[in-house]
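Student: One structure, pasted below without further comment.
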Amino acid sequence: MNGSTKSSMNRQAGPERPYDVVLFGATGFVGELTAEYLLAHAPRGCRWALAGRSREKLELLRDRLAALDPVRAAEPALVTADAGDRAAMRALAESTHVVASTVGPYIRYGAELVAACAEAGTDYTDLTGEPEFVDLMYVRHDARARETGARIVHACGFDSVPHDLLAYFTVQQLPEGVPLTVDGFVRASGMISGGTLASALTIAARQPQAKAAARERSRYEPRPARRRVRAPLGAPRFSKETGAWALPLPTLDPQVVRRSATALERYGPDFRYRHYASVKSLPMALAGPVGAAALLAAAQVSPVRSWLMHRYEPGRGPGPERRARARFQVRGVGEGGGRRVFTEVSGGDPGYGETAKMLAEASLCLALDDLPVTSGQVTTATAMGDALIGRLRAAGMPFRVRHVG
């Protein structure tokens, strides 16, 4: 990953293309929420398009958008493209400055689009939480994306924007040039959609492949010179900082934070990040690992996995009332140079409403904002940092310092 420099890049100053942002997978559950967000928040003059496999479904989506805003619903063009069609993915990538993809599981449907964006010099965002996919895309396409100037930014939803940007924000509150530690504690409520369940089951079923992809990436990925960056799996404990039980989360999020710290020297000469779920009661803390083990076991049995996927089919998810009740909160505890700081980011429905917001704002940020010069597979903190924090704050997702010790 490239670190930031004093220079800046703005996609609108580059080669002329028909669109600034194309939303691929627009007719899926999160895709439709993202389309609604873009309808309400994309600035006038932003050229955007809705893309998917079915022209009929795209037209139905535009009709639904027209019920929300009949004037602006006419703005997005409709682009028909199939994730498995290499030529269609190439044409899609060449038509826009940024592609935002909601089409998962990404290990099954995402590779052709990433390859096309890397080749075309097109920025790419997605919602993946699949470590195997992220590692394989790095091995296959990081070098070419560096050559063409494409920024490949995975995990632009609840995986992993709040965690990556809060760690970045926390580091900025601490002294420079000294060893730093940050612990992140996440608490979230809400229901999952069929697409999210399919991705979770795919991750659980492909653990051997994921480990192999991680080993392959480690052979290519450079390590920081004269610096140490770690994201170890912490131990379960009661956290005095949050007043709750802290359970280590072996998700994609700490890997993303580690890669941001590797790319940016502001994280100091020796940086350590640990990632936890924050659970109020001991019974819930004990039940969490049991539930995770049950999901992992179920994913190994093909008939059970298929039954679960068909029971909760992609494209379906919780309704507006349930989403309105969902919340998330991520707290950070940072230490270094004799200073201790407590930070927080919070918001509404993490898996859907806020994820759509994060994906849309990250894509608009890449398309429209003056940003540090980066290329290749990069993180949200590395590619967008302060600009994306500013966008999310303006959109009602506050990053704040709670206490300084």
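The values are calculated or read from the model by the stated rules, or taken from the named source; none is laboratory data. Bear in mind the structure is a predicted one, so any value in this text is a computation, not a measurement. When we count neighbours, we look across all protein chains shown, and the Cβ atoms used for this are built from the backbone with ideal geometry, even at glycine. In case anyone asks, the SASA skips ligands and DNA or RNA and just uses the protein heavy atoms, side chains included. Shrake-Rupley method; radii C 1.70, N 1.55, O 1.52, S 1.80 Å.
Student: Once you charge only the Cβ atoms, +1 for Lys and Arg and -1 for Asp and Glu, what is the size of the charge dipole of the chain about its Cα centre, to the nearest 20 debye?
Tutor: 1200
Student: Using only protein heavy atoms and a 1.4 Å probe, report how much of GLU147 is accessible, in Å² to the nearest 10.
Tutor: 130
Student: Which value in nm describes the separation of the simple spin-label points at SER54 and ALA235, placed 7 Å from the Cα toward the beta carbon?
Tutor: Result: 5.3 nm between the two label points.
Student: While we're on this one: What FRET efficiency comes out for ARG86 versus ARG64 if R0 is 25 angstrom and r is the Cβ-Cβ distance? Round to the nearest 0.05.
Tutor: So the FRET efficiency works out to roughly 0.25.
Student: So for the chain: antiparallel DSSP bridges make up what percent, rounded to the nearest 5?
Tutor: Approximately 50 percent, going by the DSSP bridge assignments.
Student: Let me ask another. With every protein chain kept in place and ligands, DNA and RNA left out, what is the accessible area per residue of the chain? Probe 1.4 Å, answer in Å².
Tutor: 43
Student: Just round it to a whole percent: the fraction of Cα-Cα distances in the chain exceeding 27 Å.
Tutor: Every Cα pair in the chain considered, those over 27 Å come to 48 percent.
Student: Additional query: Can you check how the C-alpha radius of gyration of segment 351-396 compares to 2.2 N^0.38 Å, as a plain ratio?
Tutor: 1.11
Student: What percentages make up the Cα-Cα pair-distance distribution of segment 29-144 when the bins are 5 Å wide from 0?
Tutor: Values per bin, smallest distances first: 2, 11, 21, 23, 19, 13, 7, 3, 1.
Student: Solvent-accessible area of HIS154, probe 1.4 Å, all protein chains present, reported in Å² to the nearest ten, please.
Tutor: 20
Student: If packing is taken as the average count of other Cβ atoms within 10 Å, what order do 363-371, 211-219, 162-170, 181-189 fall into, highest mean first?
Tutor: 162-170, 363-371, 181-189, 211-219
Student: Right, another one. Shape verdict for segment 100-196, please, from the Cα gyration tensor: rounded (a/c under 1.5), prolate (a/b greater than b/c) or oblate.
Tutor: Verdict is oblate for segment 100-196.
Student: Over the chain, with every protein chain in place, what whole percent of the accessible area is carbon and sulfur at 1.4 Å, could you tell me?
Tutor: Ligands and nucleic acids excluded, carbon and sulfur reach 54 percent.
Student: Hey, another quick one. Could you tell me the accessible area of LYS357 in Å² (1.4 Å probe, neighbours in place), rounded to the nearest ten?
Tutor: In the full protein context, LYS357 sits at about 20 Å².
Student: Then there's this: Name the residues whose placed amide hydrogens come within less than 5 Å of the amide hydrogen of ARG47, ignoring near sequence neighbours (fewer than 5 apart) on the same chain.
Tutor: Amide H neighbours of ARG47, under 5 Å, 5+ apart: ASP20, VAL21.
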